[in-house]
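Trainee: Sharing a structure with you now.
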């Protein structure tokens with residue numbers, strides 16, 4: 001079950017103690033799982049298990065804590081959509097690469113692959129780099145079809161959540177001195 005605007009219900013795996021996600025992670029994870037609607041139909045990654053996959057594409061970093069954030073999203077999607085092949089790929093600094101993730105999908109029998117960039121906005125990677133990689137991969141593998149979806153951050157719910165977080169941060173009272181500032 002995913003969070004539903006009508007009922008306000010939250011997935012049980014996200015309610016469990018010790019498994020709480022920050023609001024942005026929660027929004028992205030649940031947004032990936034929603035039913036199609038006019039505004040966000042690209043997020044529905046429900047494929048037959050023998051024909052399609054979803055690759056969550058993140059930028060990449062050498063920092064393992066940075067990577068763990070995206071692995072949590074991947075695991076939540078897998079828990080909530082057990083019949084869907086879902087992979088994680090990175091643009092740089094860590095693996096698997098997009099090419100490696102596509103190869104894994106193919107080994108699992110996928111012929112339709114959707115790539116959801118876990119980026120806040122469309123930039124050079126999504127305008128130039130990823131489409132070039134997709135064209136190269138499809139050229140080498142004519143039996144598969146790869147669809148690049150819009151950046152997750154382009155969903156109005158993500159920008160609305162960021163606005164809400166920014167507005168709430170105006171009301172926060174600092175409880176400790178900011179790092180790097182001398183005592184007064």
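Trainee: What's the ranking of 109-119, 77-87 by average number of surrounding C-beta atoms within 10 Å, highest first? Kindly include the intermediate steps, with their values, before the conclusion.
Mentor: Values: 109-119: 20.9, 77-87: 17.2.
Highest mean packing first, the order is 109-119, 77-87.
Trainee: Cα centroids of the range 110-126 and the range 50-109: how far apart, whole angstrom?
Mentor: If you average the Cα positions of each part, the centres end up 11 Å apart.
Taken together, the values in this text are just the output of simple stated rules run on the coordinates, not laboratory data. Values in this document were obtained by computation on a predicted structure and should not be read as measured data. Quick reminder, even Gly has a Cβ in these numbers, built from the backbone with ideal geometry, and neighbours come from all protein chains shown.
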